[in-house]
Structure formats: structure tokens, C-alpha cells
1. Nearest 500 deg cm²/dmol is fine: what mean residue ellipticity at 222 nm does the chain get from its DSSP H runs of n ≥ 4 alone, each adding -39,500 (n - 2.57), divided by its residue count?
2. Can you flag which of Lys29/Lys76; Lys46/Lys84; Lys60/Lys92; Lys29/Lys84; Lys46/Lys87; Lys64/Lys85 are past 24 Å Cα-Cα?
3. Any idea how far the Cα center of the range 1-48 sits from the one of the range 53-94, in Å?
4. Rounded to the nearest 10 degrees, what's the angle between the helix 44-64 long axis and the longest principal axis of the chain, both from Cα atoms, 0 to 90?
5. How far is helix 5-40 tilted, in degrees, relative to the longest principal axis of the Cα atoms in the chain, given as a value from 0 to 90 rounded to the nearest 10?
6. Put +1 on the Cβ of every Lys and Arg and -1 on every Asp and Glu Cβ in the chain; which of Ala61, Thr35, Thr45 then has its Cα farthest towards the positive end of the dipole?
7. Semi-axes of the range 4-94's equivalent ellipsoid from the Cα gyration tensor, sqrt of 5 times each eigenvalue, largest first, rounded to whole Å?
8. For the range 1-82, which trypsin sites (Lys or Arg not before Pro) are in a loop by DSSP, counting at most 16 other Cβ atoms within 10 Å?
Amino acid sequence: MPIKENAKKYMRITTKNTVLNKESMGVVKAAVRATREALAAKDVTKAEEGYKKAQKAMDKAAIKGMMKKNTVSRRKSRLQTAIKKLKGIEPKAK
């Protein structure tokens with residue numbers, strides 16, 4: 001346990017931030033999971049709805065600094081590519 005007052009304060013802040021970060025990342029993971037499950041079930045409409053939620057959650061996580069910008073971009077791109085393949089649209093070549 002910390003002895004100094006400022007150490008105690010930062011311990012409280014860290015605990016609070018940890019809870020908030022876990023909640024936000026839980027939203028991201030749940031949205032991505034829902035999208036992937038819809039893709040596995042070949043349900044285009046649910047996959048697109050899940051993608052919108054996942055996109056919003058990941059963008060918020062990137063703004064808050066919980067995920068890196070490039071990681072978010074890569075994950076969104078992969079989900080979008082999977083949805084396009086399910087629709088039968090050929091994704092662009094890189």
C-alpha cells in the first residue's frame with residue numbers, strides 16, 4: 001500500500017481508469033464478436049449492423065488512447081472485407 005498522499009490518489013485514479021477502460025474494451029469486443037458471429041451465420045444485415053457498432057466503438061477507443069489508430073484501421077478493414085465477400089462484392093486488390 002502506498003504511504004504518500006499523492007501515491008494514494010494515483011492509486012484511486014488508476015483503479016477508476018482501469019474499470020472505465022475495461023468497460024469500453026468490452027463494448028468493442030462484444031461488437032466485433034457479434035459481427036463475426038453474423039458473418040459465420042452468413043447474415044448480411046446483422047453483420048452490417050454489428051459492423052456499424054464495432055466501428056463506432058473502435059473509433060472511440062482510438063480517440064481515448066485505448067487502441068492504436070492503425071490497429072483500429074486494420075480491424076475495421078478486415079471486417080469490411082469479410083462483409084463484402086459475404087455480399088459477393090469483390091474487394092479491391094492492394
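Coordinate-derived values only; no laboratory data. Just so we're clear, the structure is a prediction, and the values are computed from it rather than from any experiment. Cβ sites come from the backbone with ideal geometry, for glycine too, and all protein chains shown count toward neighbours.
1. When only DSSP H runs of four or more count, the value is -28500 deg cm²/dmol.
2. Where the Cα-Cα span goes over 24 Å, the pairs concerned are Lys60/Lys92; Lys64/Lys85.
3. Here the two parts' Cα centres lie 17 Å apart.
4. Once rounded, the angle reads 30 degrees.
5. Relative to the chain, helix 5-40 is tipped by roughly 10 degrees.
6. After comparing all options, I get Ala61.
7. Over the Cα atoms of the range 4-94, the semi-axes work out to 35, 14, 7 Å.
8. Answer in residue order: Lys4, Lys42, Lys68.
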